[in-house]
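Taking it in order: structure first as structure tokens, then the write-up.
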Protein chains: 2
Amino acid sequence: MADPIKVLVQQLAKLPGIGEKTATRLAFHIIRSPEEYAVALADAIRGVRREVRLCSVCCSLTTDDPCAFCADARRDRETVCVVAHPPELIAIERTGAYRGRYHVLHGVLAPLEGLGPEDLRITELLRRLAGGEIREIILALSSTVEGEATALYLTKVLRPLGVRVTRIASGVPIGGELEYTDPATISRALEGRREA
Amino acid sequence: MADPIKVLVQQLAKLPGIGEKTATRLAFHIIRSPEEYAVALADAIRGVRREVRLCSVCCSLTTDDPCAFCADARRDRETVCVVAHPPELIAIERTGAYRGRYHVLHGVLAPLEGLGPEDLRITELLRRLAGGEIREIILALSSTVEGEATALYLTKVLRPLGVRVTRIASGVPIGGELEYTDPATISRALEGRREA
């Protein structure tokens, strides 16, 4: 293989979920595609690293500081939805069901991987609470062991500060068949039952 | 989503086999990765389009013209292995079982997609044959409808020129269980049987 192709395959294979075979296929696609595409892709990669930063308020990814969510006066200032990673913020925003602010932790507690509270953007969240405006913190964390541990930790830290701390509901997903739902999810759905 | 992220997701989603979800995951990975990686990846993409060209002899992808295969005096000049695409050349080369030259068609006949003989690098192959040095052309094309059609077409064009035209064998893959091999492959394997 020509050296520039080898180099590109190596770099592409560093991306998550991309093995050497896929990287090779992508590299040959890039070679065959119009030069404008290769230039646009390369510029987009450089651009994202150069222009995207963390919002100094909510730590979401943004080109402007504060970000569009924090700067939008129509969004409820009293409610903050805490997510672990930026894509989760986008997933929530896509529903159109939430009109409060956000806070991105950039991780979850994972002691086995050496990730403690000091590695998450918790200090920034506490600083926001000191402003006194926030009434409710919604923890929108994944239902994984690490997500649960992070939610428990945050609840312990936040509740004494006089703020309401809630968690998004766990249960049977919409369209999910009860028969094929795992026992842990069913237990959680029973526990979280509400008046019909 | 911040605009530079959207732009990157759009560009990544143009790659084959990469949908919007995967593109989003890759984009966030690039944002989180060290800046050196983003720069190296962007440079590799630009580099491959700038430095890689077609060998003027065999049409393989190369940075030097003629390519390393055509320039290697130790390789058999009398045998040319014809492949449809560059990755197939690499697959053959990886076996270490072939020491002749190559010719890359950059496609197969696909009339339904409007790909005729004039879209393949056949003129370049005929020009090489005019040199008089080539004695055997091995057609190493996939066992697909298009691959078969291309092989038949090339056989018809090349045989009258007094060159030996062969095809790589079709049959049961090594490690393949006869019980689970499709009927067409078994028929082909029977047809191609040899003295034990």
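The values are calculated or read from the model by the stated rules, or taken from the named source; none is laboratory data. Bear in mind that the values here come from a model prediction, so they are computed numbers and not experimental data. No Cβ is skipped: glycine too gets one built from the backbone with ideal geometry, and neighbour counts run over all protein chains shown. Please note that ligands, DNA and RNA were not included when accessible areas were found on the heavy atoms of the full protein model with its side chains. Shrake-Rupley method; radii C 1.70, N 1.55, O 1.52, S 1.80 Å.
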>> For a quick check of your reading of the model, give me the residue pairs whose first member lies in the range B:1-26 and is closer than 17 Å to A:Gly47 by Cα, whose second is open to solvent by 80 Å² or more (accessible area, probe 1.4 Å) and in a loop (DSSP other than H, G, I, E, B), with beta-carbon atoms closer than 9 Å and at least 6 apart or on different chains.
In response: B:Ala2/A:Asp64; B:Ala23/B:Lys14
> Which one of these does B:Glu113 not meet: (1) within 14 Å of chain A (Cβ to nearest Cβ); (2) farther than 24 Å from B:Thr185 by Cα?
Replying inline: (1)
> Pick from the range A:24-62 the residues that are assigned to a helix (DSSP H, G or I), more than 7 Å from chain B (Cβ to nearest Cβ) and within 26 Å of the chain's Cα centre (by Cα): which of them is farthest from A:Ile92 (Cα to Cα)?
Replying inline: A:Asp43
> What are the pairs, 6+ residues apart or on separate chains, where a residue within the range A:88-104 that is within 14 Å of chain B (Cβ to nearest Cβ) has its Cβ under 9 Å from a residue that is among the hydroxyl-bearing types (Ser, Thr, Tyr) and assigned to a helix (DSSP H, G or I)?
Replying inline: A:Ile90/B:Thr24
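Kindly indicate the residue of the range B:12-23 that is assigned to a helix (DSSP H, G or I) and surrounded by fewer than 22 Cβ atoms within 10 Å (Cβ to Cβ) and also nearest to the other protein chains (Cβ to nearest Cβ) among those meeting that condition. Write out each step before concluding.
Within the range B:12-23, the first condition is being assigned to a helix (DSSP H, G or I), and the residues that meet it are B:12, B:20-23.
Those still in the list that are surrounded by fewer than 22 Cβ atoms within 10 Å (Cβ to Cβ) too: B:20-23.
Details: B:Glu20: 11, B:Lys21: 9, B:Thr22: 7, B:Ala23: 11 Å.
The qualifying residue nearest to the other protein chains (Cβ to nearest Cβ) is B:Thr22.
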> Do you know which of the residues in the range B:1-11 that are within 7 Å of chain A (Cβ to nearest Cβ) and either open to solvent by 40 Å² or more (accessible area, probe 1.4 Å) or in a helix (DSSP H, G or I) (or both) is farthest from A:Thr95 (Cα to Cα)?
Replying inline: B:Gln11
